[in-house]
Structures are given as C-alpha cells and as structure tokens.
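Just so it is clear, none of the values below were taken in a lab; they were calculated from the coordinates. What you see is a predicted model; the values in this text were computed from it and never measured. Please note: Cβ atoms are built from the backbone with ideal geometry, for glycine as well, and neighbour counts cover all protein chains shown.
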C-alpha cells in the first residue's frame, strides 16, 4: 500500500479509553492526524465505573497538553489527593501519608472515570473518535497500515497503536492468535462505585482518601470532586464468581463492622450502581511489544493490578514517550518501525517495575492468614511514614518535557 505523500502523518489508535484518548491529544500536539477506533457506543465510552487516581507522573505528561489547561480542568472537576492512609479494620492507623513528605502540595487528583473520559473527548470530537465498531483485522507494509473495522469501514494510516486494554484485539492479531490469551488472575475481586456525601458529613475532615485492611479484605474511598466520592472493595475469592459481596447487602456483611466511616459509606451507596470485576494482570512482554508499524500501550502491553494506582498513569506516560520518540526518530531519519522498537525497549524497565511493585503490594494487602496479617500490620506500623512515601519517589519524580531531540538508540 502507498501512503499519500501530501497527507499528514496519521496514527490509527484502537481503543478510546484513557490511554487511547490521551495519545490522540499528544499526536495532535505533534501536528499529526489521530483517528481513534472504539468498539463501544459513544455514550458507553464516555461513562465508566467509579473513580480513578491520576498521580503526579501522569499529571506531568498531561500538563504538556493545551498549555496545562487539561490538567487544570482535572483539578477543577476532581479532588486533590492530600493526606490519607492505610488503617486496620478497627480504624487504627498502619501508614499515613502526606504530600509534604515528598515536598509536594498534593499527590495528584482523583476524578470519576466518566468525567475524565468526557474531558479527554471534549477537544477531540467526532472528527477524531469513531465509536461503535471494533477492529476486525489490519495489514501493514513499508508504505503504511490498513485497518478494517467490524462494520466494513476501512481506514489507512502510517502506524497503528493498540490501546485496547486487557483483551487487546491488536495484541491478539500481532501474536497471531485466534483469541486473546487469558490474563493471570490475582486471587481477588473488586467492587467499586460512586456515592454522594454533602459537606463531608460522614467523612474525616483531615483526609481525602483512606483504606481499611482486614483478613483478605480491603475497603477504600477517595474524593472525586464536589460532593462525590468513589469507593472500592477487594476480597480474596475464586475467579468469575458472584459471591456474597455482589450486592450492597453482601458488602454490608463483609464490611459492616469496619470502623467509621465505612458503615456510613455503605449506607450512602443505597441506590447507587455497584460494579464487580475480577482483578487480573499479565507480566509485561519480554522483547518487542509490536511489529513493523504497529505497537501497544497501556494495559494492552502491560496490564497491572490497581494497588499503586498506576494503570492509567503508565498508559499516559506510554503515549507521551511514544510521540516524543517518533518525533525525534523521524527527524533523525529513523523509520517508524525503528522508533517504535526503541521506545518499547526504553519503556520496558519502568513498566516492569510498576508491575512487580503493584503485585507485591497486593500480596501484602490481601494477606488472609493470622501470621500474614500480623506481619503485614507490623511492617506498616513500624515503618516511618516519610520512608513509606520516599519509596515511591521513583514514580513521582517522573518529569515530562515536550521536546523533539530525545533520540533513542535503535533497539
């Protein structure tokens, strides 16, 4: 296939989630054309369960967009992450954190997934995002990429990015599979949703988030802006079940005797939608993530458990660094494929570390034996709060800088 020499460089993005929409913004900032292919209808794409935490590293990349106005909009609509911490189920503290421990005013922003999706879509619109039909297959050669959608639509571009999550269709095709490979189940499931509390009536004034740990159980909440909050709860259980926590009554059975404000939060969930998911991940790909002019970002390449709040942040970093590497590589005469393999190799070490740390935190937090819980609680109780925060400086100290001369060596 031959690319149109007069057409702008075109990046086809499969997946209209946080990673895909953010990548589209970075592509457009570079002066290129982005086309986002999304299987879900638009209304479903712009919704989502519960809230999400965008930490300082993700915000550093988002601040490169629209002269920082997108990041400002997140803060205006969401809730700043201030002091909070982990507690035993009786409310006694295990680990408290505060932005001042790492010399920051806050640790990021929490926002509902629906609000974030709508903010990201707002400046893209229907000329960039094509909802309602998924990827059927694609082919590529030295001239470009040709994509066919499930409804028969054909799109052509200069490269393809799979930002289509845990069950990535792009990854399945790249791996020459008939269906996606099964992810690895963590051993626990998650419930999540949103609730409203006027004037913080039931919540402590000095915290913007908190998490309570029991025996194979966790319950957490965080502020997502205004009078809205998000809750989440984890339980060790078999995969694919619909156990006693699948309803609000079941959650009350599991967490009703936890310390305040957990019982009051459960009351506030009356009438709200509660979502249940099995928590899964996959070890990051060893070697190249893609082939030729096709690559992967975010959960399509390296899905992680949610224990350190880095799933969306790593997808945002992926998109930012991908566009940076392409700009520098193409300026220096690299082919698209060479630039993609270089950024895949460069990102591999960081996302692998995130994957491992998130698993380790999950294993500790979900301890369900007497001695396991005792050891976990003692570890967090005896560790100085400032030391706990400093352990994650390698995440928060990521600084995004928009430049076109960051040339990576060939992989």
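Odds and ends about this structure:
- When the chain is treated as a GNM with alpha-carbon contacts under 10 Å, the residue of 182, 339, 233 showing the greatest mean-square fluctuation is 182.
- Between the stretch 148-182 and the stretch 43-100, the alpha-carbon center distance in angstrom: 30
- The C-alpha atoms of the chain define a longest principal axis, and helix 18-29 lies at about 40 degrees to it.
- Virtual spin-label span in nm between residue 167 and residue 345, 7 Å along Cα→Cβ: 3.5
- Overall dimensions of the stretch 1-120 by Cα: Rg and Dmax, Å: 18.3, 66
- Helical content alone sets the calculated 222 nm signal of the chain at -10000 deg cm²/dmol, taking -39,500 (n - 2.57) per DSSP H segment of four or more residues and averaging over every residue.
- Across the stretch 28-173, the mean sequence separation of Cα contacts (distance under 8 Å, 6 or more residues apart), normalised by length, yields a relative contact order of 27 percent.
- Across the stretch 188-296, Cα pairs under 8 Å and at least six residues apart give a relative contact order of 34 percent.
- Mean separation of Cα contacts under 8 Å (6+ apart) over length of the stretch 279-400, as relative contact order %: 26
- Using every pair of separate Cα atoms, the Kirkwood estimate puts the hydrodynamic radius of the stretch 42-105 at 14.4 angstrom.
- The stretch 178-293 pair-distance distribution - Cα-Cα, 5 Å bins, rounded %: 2, 10, 20, 20, 15, 10, 8, 6, 5, 3, 1, 0
- Whole-angstrom gap from the stretch 246-317 to the stretch 319-386, using each part's C-alpha centre: 16
- The alpha carbon convex hull volume per residue for the stretch 298-377 rounds to 79 Å³.
- Note on residue 331/residue 291: beta-carbon distance plugged into 1/(1 + (r/R0)^6) with R0 of 22 Å gives a FRET efficiency of 0.40.
- Relative protection proxy for 51-58, 213-220, from highest mean packing down: 51-58, 213-220 (other beta-carbon atoms within 10 angstrom).
- Against the chain, whose longest principal axis is taken from its Cα atoms, helix 311-331 shows a tilt of about 20°.
- Each label point was placed 7 Å from the Cα along the Cα-to-Cβ direction; for residue 253 and residue 363 their separation is 3.1 nm.
- Here's the picture: a label point sits 7 Å out from the Cα of residue 148 along the beta-carbon direction, and within the stretch 26-43 the residues with their amide nitrogen under 19 Å of it are 37-39.
- Between residue 215 and residue 383, the modelled label-to-label distance comes to 2.4 nm, taking each label 7 Å out from Cα in the direction of the beta carbon.
- Extent along the principal axes, Cα only, for the stretch 111-270: 61, 38, 25 Å, with the longest axis given first.
- Gain on full stretching of the segment that runs from residue 43 to residue 260 - 0.36 nm per residue minus C-alpha separation: 74.5 nm
- Using alpha-carbon coordinates, inclination of helix 370-382 to the longest axis of the chain, degrees: 80
- Across the alpha-carbon atoms of the chain, the computed radius of gyration and Dmax are 21.5, 67 angstrom.
- Peptides 149-160, 112-123 ordered by average Cβ neighbours within 10 Å, highest first: 112-123, 149-160
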